[in-house]
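Report on the following structure.
The values are calculated or read from the model by the stated rules, or taken from the named source; none is laboratory data. All of these numbers come straight from a predicted model, not from anything done at the bench. Here the Cβ positions follow ideal geometry from the backbone for every residue, glycine too, while neighbour counts run over all protein chains shown. SASA here: full protein model, heavy atoms, side chains in, ligands and nucleic acids out. Shrake-Rupley method; radii C 1.70, N 1.55, O 1.52, S 1.80 Å.
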Amino acid sequence: MDSSSPCPIDKEFSDQIMALLAPPSPQSVQEYYDELIEAVQCHGLRVSRSSKHGKGVYANREFKEDEVILKDQILVGAQHSSNKVDCLVCSYCFHFIGSIELQIGRRLYLQSLGLSASKECQYQTLPHSSKEVCCTELVNVEENSVKDDNGNIGPSASRNLKDNFPSKEVLESLINGALSLPCTNQFALPPLIACPGGCEEEHYCSQFCADSDWKLFHSLLCTGNKTRPSQRSALLKFIEHANGTNDIFLVAAKVISFTISKYKELKRLQVKENKQHPGLDREDKSSFFLLLEAWKPISMGFKQRWWDCIALPDDVDVSDEASFRMQIRNLAFTSLQLLKDAIFDVDCAPLFSLEVYGHIIGMFELNNLDLVVASPVEDYFIYIDDLPPTEKEEAEKVTEIFLDALGDDYSIPCQGTAFFPLQSCMNHSCCPNAKAFKRDEDKDGNAIIIALQPISIGEEITLSYIDEDLRYEERQSLLADYGFRCVCPRCQKEQLK
C-alpha cells in the first residue's frame, strides 16, 4: 500500500483494499475458470496454473489449423470516445446498428460539423496498452460548427469541405431514412434501441443488450433524464475529463459500476432469502464478503498500478521518469474524485481508493485485447465495386458522392478497449500457435481466437502480445513493458546467435 497516497480512502480502508487486491487462491482461481468454461460451453479448453508462468490456457482436445479455438465474451469493454463519431454501435455487444444509410449520413454530418476521429487530437493524450489513443472531446456541436449568414448550422456552412460534399438536406435524408442507397438491403443492420435511462449517448441492437448493459453497468453511469440532476452533473464532469485526457477512465468506471451492481444484486438476494425463510438459523454474509464476491471476476485479471506499469513514452527522458509517473498518478486521482462525486456507495467505499483504481486501469494496461469490429460500410462499398459493369455504373451514380466524401477512411472499424476473461489467461510466445482474428461472420466485439497450426491435447495455447516479426532485441524491449522477458523456444534460439 502506498503510504503517500493523496486518497483518504486508501488509509481508512487499508485492510479491505489489501483483501481486494490480494491474489486469489489457486483453488478459487480454478473454481472460477471451471465454472466460466462450463457457462460458455467451451469444453475444448481448460485454464491451469504452472510453476513457470502462472495461469495458462491448455487444449482439452485437438484443434486443426484455422479452427476457432475460442469465442470469448467481453467482461468489460468500451468503444473509444473519438471512434463514436465514425461508428454507431451497440454499447453492450458493439454490433453496428441502424442502417448503412444512417452510418454514412451520421458520420458525414458530424464530419461536416468539424468532429472526426481522423482529425488531430485536441488534447495531449496518454498511451495505454502500448498504443496511443486519440481522445478527442465530443463537445457541444454548435461550439464546433460554422454558421451561415442566416444563423443556420450545417455542411454548407462548414469549413474545409469538398465542393461536392453532400448537402445538409441529403445527409438528413440518409439519417432519417427518407433516402435509400442501392443494394443496402444486402447489409441489414439491427434497429436502434434507446437507453432505458433516456440518455442519448448509448444505443443498443436489442432490448436484451439494453437491459443487460443497464443491469451490469449503465444504471450508475447514465446521464439521462432519469438520473438525479446532481449525479448527472457529476457524471458529465467525469466523462468530460476522461474524453479530454484518456478514455481508459471510462472503462475503469464500468468496472466499478459492474462491481457495485453485482454487490447490490447479491445483497438483494440475501435479503430475499431471509424473508422467504425467516426461521432459518444461519449467519448472514457480511457486506464486505458480498463485495469480495462481486469483485471476484475482476480479481482474476493480472494487475499492477497503472502509473507503475505504463511504458515510459519516447519523448520522456529517463531522468524525468519519477515525475512522469507522479503526473499519471495525479491524473488518475483527479478522475477518481470526479467518479466518486457521481456514484459513491458507502457499502462499496474501498472500490473508490486510488490503489484499487490504479490497479483496475493497470489490469487493462497488461491484459487487454483491442476491441475491433469491422465496418459494414466497408463491405457495402466493396459490394458496389464488385457489381457487374452496368449495375455498378448505375449504383455509383448515387453512391460515388458519399464514398468521395468519406475518403480513404471510409472503412474505419469500431475500436475500443476490452477485458476478455479467458483470452487474458493466454500467455505470450514469439512463435504462437494461435491468434486473435475476426472472420466475416463475426459482427460483435467478442474476441475470436484461431489456431495458427494444429494443436494437440494438453498443449498450451499461446498468442503474441507484440509484432513477432520484429528482431529479438526489439521484441524483448516491447515485452519488458508487460513485465517479463520472453524465453520461448524462438527467443532461446535467437539469444544464442
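Structure notes:
- Yes/no for Lys285 being open to solvent by 70 Å² or more (accessible area, probe 1.4 Å), in a loop (DSSP other than H, G, I, E, B), within 28 Å of Val85 (Cα to Cα) and touching a residue at least 12 places away in the same chain (Cβ under 8 Å): no
- Taking the criterion of being under 30 Å from Ser299 (Cβ atoms), part of a loop (DSSP other than H, G, I, E, B) and out of contact with any Lys or Arg (no Cβ under 6 Å at 6 or more places or on another chain), the residues of segment 377-433 that qualify are Phe420, Pro421, Leu422, Met426, Ser429, Pro432, Asn433.
- Selection status of Gly362, surrounded by 14 or more Cβ atoms within 10 Å (Cβ to Cβ), within 23 Å of the chain's Cα centre (by Cα) and modelled with pLDDT under 95: yes
- Flag if Gly98 is at positive phi and either at pLDDT 95 or above or outside any loop (DSSP other than H, G, I, E, B) (or both): yes
- Residue ID - nearest to the chain's Cα centre (by Cα), chosen from residues in segment 334-359 that are open to solvent by 30 Å² or more (accessible area, probe 1.4 Å) and of a type in the set (A, V, I, L, M, F, W, C): Leu338
- In segment 220-235, the residues that are closer than 13 Å to Lys340 by Cα form no Cβ pair under 9 Å with any partner that is small (Gly, Ala, Ser) and open to solvent by 50 Å² or more (accessible area, probe 1.4 Å), whether six or more places apart or across chains.
- Residue in segment 199-206 that is under 24 Å from the mean Cα position of the chain (by Cα), buried (at least 18 other Cβ atoms within 10 Å of the Cβ) and assigned to a helix (DSSP H, G or I) present: no
- For segment 81-90, a residue qualifies if it is under 19 Å from Phe208 (Cβ atoms) and surrounded by fewer than 24 Cβ atoms within 10 Å (Cβ to Cβ), and exactly one does: Leu88.
- Some residue of segment 235-250 being farther than 26 Å from His359 by Cα and open to solvent by 20 Å² or more (accessible area, probe 1.4 Å): no
Let's see how each residue does on (1) open to solvent by less than 10 Å² (accessible area, probe 1.4 Å); (2) at pLDDT 95 or above; (3) within 24 Å of the chain's Cα centre (by Cα):
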site: Leu387; (1), (2), (3): no, yes, no
site: Thr399; (1), (2), (3): yes, yes, no
site: Gly407; (1), (2), (3): no, no, no
site: Pro454; (1), (2), (3): no, yes, no
site: Ser464; (1), (2), (3): no, no, yes
site: Glu474; (1), (2), (3): no, no, no
site: Ser477; (1), (2), (3): no, no, no
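- Selection status of Ile343, hydrophobic (A, V, I, L, M, F, W, C) and closer than 29 Å to Gly483 by Cα: no
- Cβ-Cβ contacts under 7 Å between residues 6 or more apart (or on different chains), taken from a first residue in segment 467-481 that is more than 14 Å from Pro432 (Cβ to Cβ) and free of Cβ contacts under 8 Å to residues at least 24 places away in the same chain to a second residue that is open to solvent by less than 70 Å² (accessible area, probe 1.4 Å) and part of a loop (DSSP other than H, G, I, E, B), are listed as Gln476/Cys486.
- Flag if Ala78 is surrounded by 14 or more Cβ atoms within 10 Å (Cβ to Cβ), over 18 Å from Ile448 (Cβ atoms) and either in contact (Cβ under 8 Å) with a residue 24 or more places away in the chain or out of contact with any Phe, Trp or Tyr (no Cβ under 9 Å at 6 or more places or on another chain) (or both): yes
- Meets criteria (modelled with pLDDT of 95 or more, part of a helix (DSSP H, G or I) and open to solvent by 60 Å² or more (accessible area, probe 1.4 Å)) for Glu273: no
- Consider segment 74-92 and keep the residues that are in contact with a strand residue (DSSP E or B) (Cβ under 8 Å, 6 or more places away or on another chain) and of a type in the set (A, V, I, L, M, F, W, C). The one that is nearest to Glu400 (Cα to Cα) is Cys87.
- Some residue of segment 168-181 being among the hydrophobic types (A, V, I, L, M, F, W, C), under 30 Å from Gly358 (Cα atoms) and assigned to a loop (DSSP other than H, G, I, E, B): no
- First in segment 31-58 and within 23 Å of Glu293 (Cβ to Cβ), second anywhere and of a type in the set (Ser, Thr, Tyr) and not in a helix (DSSP H, G or I), Cβ under 8 Å, 6 or more apart: Val47/Tyr58; Lys55/Ser48
- Segment 344-376, residues that are assigned to a helix (DSSP H, G or I) and within 19 Å of Ala78 (Cα to Cα): Tyr357, Gly358, His359, Ile360, Ile361, Gly362, Met363, Phe364, Glu365, Leu366, Asn367
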